[in-house]
Ligand code: GLN
């Protein structure tokens, strides 16, 4: 059996250079040559998972089928590769320490002093090898979060050094991603920060095999040679990653630069088929040459930070390409929408998404926006909190339950149409305790949802504590407002629809976590199609 190969991706100079996209692009190129690849991310922060982080801190929290709350880079991995990730694909310092401390309490290190080296590093290494040892993959790409030289990254960098020593240089490879800044005043690209960060890596006993250089301008041949010489790599191992129009261009750019070729050579692997990116190119072609354009409003309270709704934005890109339609996303801050400005803000929309979220801020703005979309026949897609608010809006304005609310916003509410799930009532701890991951849902025939999926039973990912309160089933739902999907085991309402409308769908789950380039999500596709149809018919 051939050895499993391990590729490590580290970052230098600054954070936010897009290690996740580079890792996902490389994985895509290797997958397109018939290698089985997975990507995992190791994050140096002390939260056990990003589930307890505010989106302003760390962007969206991505959820896997097995209910892990993870870094948003896992979303990129799934969207690029069309392969599911799991709990094992994202490890944080918090999780590492938690399990080492648990082992210590269980007496597993009895008599010994428990230390960063070897105990923490052993735990990290064991987790770095876990997916490789499953036998499912030829190549495991490990992205190390943060920047080399950070105090909190040190145990990970040391673990990488030891992994190379344990497994041999022929089975391991280090890609270092850096920034080549452009000094406008002198009109020059500068390599010094890159030299320094490669040196910092070396101080930890790791020599980078490949340097990927983020840059706003083309690197000249001289510059590439200079980086190769000073950073101690071959000329072909200096790879330019220039700013591009879309992240989906990056695999093609990396292929032009020969990243996959250098990686395979270094790992002593031969391509198993000629690089086949036909489907990817088809998607890009449709994405870049749209025949129509629509404007979709995204109503949420974290709209200032693009990364907060990453998966929703990417799902719209996939669905837009599928419909050969460019989507202009108009971010609408729910806190600032009210009855006086609704018309001005919302009347130019061809479709509206009301985003997931937690807590009271911006809630009334969401309800006002939903009311506007419902009354004005604007295609509406409510996700998680967005669905809950659609129920409240209908209960208040059509059923006459003017006090309807969610107990999340108003704990003593008299008409709690949205209430804490029974299973949540005794839970006090906040970390990893929501209804998480994949749950089944049976669809009701002749609904927009059933039409979109064209199957009767689906599975979608969840992340919430509150639900539709079934005590109000008969009062709220009728032939106009229907339950279009239910969980077969618990009877929980999963999808609601308003019938007197071109397309009005609210889902308790998060469809955005399952949309990929090769498999755009059926509900996003249907929502975009309905929004486009409405625009063309007007
Ligand atoms: N805050 C709501 C709940 O916990 C919705 C969560 C969400 O939108 N992800 O049920």
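In this calculation the C-beta distance from residue 412 to residue 479 is compared with R0 = 35 Å, giving a FRET efficiency of 0.60. Placing a pseudo-label 7 Å from each Cα along the Cα-to-Cβ vector at residue 274 and residue 216 gives an inter-label distance of 4.0 nm. Averaging over all projection directions, the Cα-based convex hull of region 403-538 occupies 10.2 nm² in the image plane.
Here the contact order of region 275-359, divided by its residue count and restricted to Cα pairs under 8 Å and six or more residues apart, works out to 44 percent.
Compute the separation of the alpha-carbon centres of region 17-76 and region 458-476 and state it in Å as a whole number. Here the answer is 29 Å between Cα centres. Of the beta bridges DSSP finds with both residues in region 1-158, what % are antiparallel, to the nearest 5? Counting only bridges with both partners in region 1-158, antiparallel ones make up about 10 percent.
Sequence-distant contacts, meaning Cα pairs under 8 Å at least 6 residues apart, place the relative contact order of region 55-207 at 13 percent. Dividing the radius of gyration of the alpha carbons in region 65-122 by their Kirkwood radius gives 1.15 for Rg/Rh.
For region 194-347, the spread of Cα positions along the three principal axes, ordered from largest to smallest, is 63, 37, 26 Å.
The alpha carbon centroids of region 519-538 and region 236-280 are separated by 33 Å. Decide, for region 160-268, between rounded, prolate and oblate: order the square roots of the alpha carbon gyration tensor eigenvalues as a ≥ b ≥ c, take rounded if a/c falls under 1.5, and otherwise choose prolate if a/b is larger than b/c, else oblate. Oblate, because a/c is 1.5 or more while a/b does not exceed b/c.
Relative to the longest principal axis of the Cα atoms of the chain, the long axis of helix 121-133 makes an angle of roughly 70 degrees. Considering only alpha-carbon pairs that sit under 8 angstrom and 6 or more positions apart, the relative contact order computed for the chain is 15 percent.
Nearest 5 is fine: what % of DSSP beta bridges in the chain come out antiparallel, could you say? Beta bridges within the chain, antiparallel portion: roughly 30 percent.
Values of log10 I(q)/I(0) for region 290-377 across q = 0.15, 0.21 Å⁻¹ run -0.55, -1.00, by the Debye formula with one identical scatterer at each alpha carbon and no solvent.
Calculate the FRET efficiency for residue 112 and residue 185 from the Cβ-Cβ distance with a Förster distance of 56 Å, rounded to the nearest 0.05. About 0.50, to the nearest 0.05. The slack in the chain from residue 328 to residue 459, taken as 0.36 nm per residue of separation less the alpha-carbon distance, amounts to 44.2 nm.
Here 403, 150 are placed in order of increasing Cβ neighbour count within 10 Å, fewest first, which gives 403, 150. Taking the Cα atoms only, what angle lies between the long axis of helix 310-322 and the longest principal axis of the chain, rounded to 10 degrees? For helix 310-322, the angle is close to 80 degrees.
Distance from the Cα centroid of region 423-444 to that of region 114-188 is 34 Å (rounded to whole angstrom). With angles folded into 0 to 90 degrees, how steeply does helix 522-537 sit against the dominant principal axis of the chain? Use alpha carbons for both and round to 10. For 522-537 against the chain, the angle is about 60 degrees. Each label point was placed 7 Å from the Cα along the Cα-to-Cβ direction; for residue 151 and residue 289 their separation is 5.5 nm.
Taken along its principal axes, the alpha carbon cloud of region 311-351 reaches lengths of 36, 19, 10 Å, longest axis first. Would you mind classifying region 437-492 by shape? Square roots of the alpha carbon gyration tensor eigenvalues, ordered a ≥ b ≥ c; an a/c under 1.5 is rounded, otherwise it is prolate if a/b is larger than b/c and oblate if not. Because a/c hits 1.5 or more and a/b fails to exceed b/c, region 437-492 counts as oblate. A prolate overall shape is assigned to region 156-214, the ratio a/c of its alpha-carbon gyration tensor axes (a ≥ b ≥ c) being 1.5 or greater and a/b exceeding b/c. Note on region 390-519: antiparallel DSSP beta bridges, both residues inside, total approximately 90 percent of the bridges counted.
Over region 1-94, the alpha carbon radius of gyration divided by the compact-protein estimate 2.2 N^0.38 Å works out to 1.10. Dividing the alpha-carbon radius of gyration of the chain by the rule-of-thumb value 2.2 N^0.38 Å gives 1.03.
Every number in this text was worked out from the coordinates using simple rules, so none of it is lab data. These numbers come from a predicted model, not from an experiment. All Cβ positions, glycine included, derive from the backbone under ideal geometry; neighbour counts span all protein chains shown.
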